[in-house]
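Asks: Take a look at the following structure, please.
The values are calculated or read from the model by the stated rules, or taken from the named source; none is laboratory data. Only a predicted model underlies this, so the values are computations on that prediction, with no experimental measurement involved. As a convention, Cβ positions derive from the backbone with ideal geometry for all residues, glycine included, and neighbour counts pool all protein chains shown. These area figures cover heavy atoms from the full protein model, side chains too; ligands, DNA and RNA do not enter into them. Shrake-Rupley method; radii C 1.70, N 1.55, O 1.52, S 1.80 Å.
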Amino acid sequence: MKMRSMILTSVGLMAAGLVAPAQAQQANSMTFFVTSAGPGKGADLGGLAGADAQCGKLAQAAGSTGKTWHAYLSTQGANAVNARDRIGKGPWTNAKGAVVAKSVDDLHSDANNITKQTNLSEKGDVINGRGDTPNRHDMLTGSTMEGRAFPAGEDRTCNNWTSSTAGSAMLGHSDRQGLKDDVPSKSWNSSHPSRGPDGGCSQNDLKSTGGDGLFYCFAVN
């Protein structure tokens, strides 16, 4: 009995030794993920720098090393930034090794592999979508379907990702599903603006329409 226990323990340790390197290798091959959590202040991400830092923090916690991570977010006004211009050239793979897009143009085409099953968190988890409790499919992007910035004027970035009260952010649906069977409802990056009783940019506002302050992260190198 003692010998059997020792053998089982040894096998368990060997299996753990094999799994850990495999997990590390998988994390290092990951170049795309949906954040499992935002900073917790709604659409106030601390600007682009704060959002990028959140991407890097989550990636590192998941075991990813040696990569520079940028959030897929646009800004408005002077020196406006297009989300598509800050994510590298691709291709991008998720935490399970599936390619979600081969290039920037592929990412913004009908040929991309962006689905509920491929839009995984840095931990490899599927993000809750329409029909799940709670629904978390609203992704902060501030972008058009082409991945570009909206003109200055009507807020679509919650004051360039610094507001957790008044404003509005353009959201995409990570599961490609919505209330209607139309193009915006199926858009991963430009479905509808945020709204809510706190002004449109708070954590509660984002949750009220099926979100949680989550966003897309891409490795640029």
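Asks: Return the residues of segment 166-186 that are outside any helix (DSSP H, G or I), free of Cβ contacts under 8 Å to residues at least 60 places away in the same chain, farther than 12 Å from L73 by Cβ and not aliphatic (A, V, I, L, M); say none if nothing qualifies.
Replies: Within segment 166-186, S168, H173, G178, K180, D181, D182 meet the criteria.
Asks: So, in segment 118-129, of the ones that are part of a loop (DSSP other than H, G, I, E, B) and out of contact with any Lys or Arg (no Cβ under 9 Å at 6 or more places or on another chain), which residue ends up nearest to L214 (Cα to Cα)?
Replies: Our first condition is that a residue be part of a loop (DSSP other than H, G, I, E, B); within segment 118-129, this holds for 118-119, 122-125, 127-129.
From what is left, the residues that are out of contact with any Lys or Arg (no Cβ under 9 Å at 6 or more places or on another chain) are 122-123, 125.
Values: E122: 12, K123: 14, D125: 13 Å.
Selected residue: E122.
Asks: Going by what's in this entry, would E146 be described as free of Cβ contacts under 8 Å to residues at least 40 places away in the same chain, open to solvent by 30 Å² or more (accessible area, probe 1.4 Å), under 30 Å from A78 (Cβ atoms) and of a type outside the set (S, T, N, Q)?
Replies: Working: free of Cβ contacts under 8 Å to residues at least 40 places away in the same chain: no; open to solvent by 30 Å² or more (accessible area, probe 1.4 Å): yes; under 30 Å from A78 (Cβ atoms): yes; of a type outside the set (S, T, N, Q): yes.
So E146 fails the test.
Asks: Among the numbered criteria (1) open to solvent by 40 Å² or more (accessible area, probe 1.4 Å); (2) under 18 Å from the mean Cα position of the chain (by Cα), which single criterion is violated by D198?
Replies: So D198 meets the others, but not (2).
Asks: Could you list, in sequence order, the residues of segment 82-111 that are closer than 12 Å to Y216 by Cβ and not in a helix (DSSP H, G or I)? Please lay out each step first, then the result.
Replies: Keep residues of segment 82-111 that are closer than 12 Å to Y216 by Cβ, which gives 83-84, 86-87, 92, 94, 100-101, 107.
R86, I87, W92, N94, V100, A101, listed by residue number.
Asks: Separate question: Only residues that are of a type in the set (S, T, N, Q), open to solvent by less than 30 Å² (accessible area, probe 1.4 Å) and farther than 10 Å from D138 by Cα: list them for segment 160-189, please. Walk me through how you get there before you give the answer.
Replies: Residues of segment 160-189 of a type in the set (S, T, N, Q): 160, 162-165, 168, 174, 177, 185, 187, 189.
Checking the rest, the ones that are also open to solvent by less than 30 Å² (accessible area, probe 1.4 Å) come to 163, 168, 174, 185, 187, 189.
Scanning segment 160-189 gives S163, S168, S185, S187.
Asks: OK, next. Contact list please: Cβ distance under 6 Å, first residue in segment 66-92 and more than 16 Å from G47 (Cα to Cα), second residue at pLDDT 95 or above and among the charged types (D, E, K, R), pairs at least six apart or on different chains.
Replies: G90/K102; P91/K102
Asks: Looking only at segment 201-216, filter to residues that are part of a strand (DSSP E or B) and open to solvent by less than 10 Å² (accessible area, probe 1.4 Å); which one of those is nearest to T165 (Cα to Cα)?
Replies: Initially, segment 201-216 is screened for residues part of a strand (DSSP E or B), giving 211-216.
Subsequent filtering for residues that are open to solvent by less than 10 Å² (accessible area, probe 1.4 Å) retains 211, 213-216.
Details: G211: 16, G213: 13, L214: 17, F215: 18, Y216: 22 Å.
Going through the qualifying residues, I end up with G213.
Asks: Additional query: Just to verify a result, which residue in segment 100-127, among those that are of a type in the set (V, I, T) and over 18 Å from A71 (Cα atoms), is most open to solvent (accessible area, probe 1.4 Å)?
Replies: Our first condition is that a residue be of a type in the set (V, I, T); within segment 100-127, this holds for 100, 104, 114-115, 118, 126-127.
When the remaining residues are screened for being over 18 Å from A71 (Cα atoms), the result is 115, 126.
Values: T115: 45, V126: 77 Å².
Among them, the one singled out is V126.
Asks: Also, I was wondering about something else. Restricting attention to segment 31-81, and to residues there that are hydrophobic (A, V, I, L, M, F, W, C) and in a loop (DSSP other than H, G, I, E, B), which single residue is surrounded by the fewest Cβ atoms within 10 Å (Cβ to Cβ)?
Replies: Narrowing segment 31-81 to residues hydrophobic (A, V, I, L, M, F, W, C): 32-34, 37, 43, 45, 48-49, 51, 53, 55, 58-59, 61-62, 69, 71, 73, 78, 80-81.
Within this subset, residues satisfying the condition of being in a loop (DSSP other than H, G, I, E, B) are 37, 43, 45, 62, 73, 78, 80-81.
Details: A37: 14, A43: 33, L45: 29, A62: 20, L73: 30, A78: 6, A80: 16, V81: 18.
Checking each candidate, the answer is A78.
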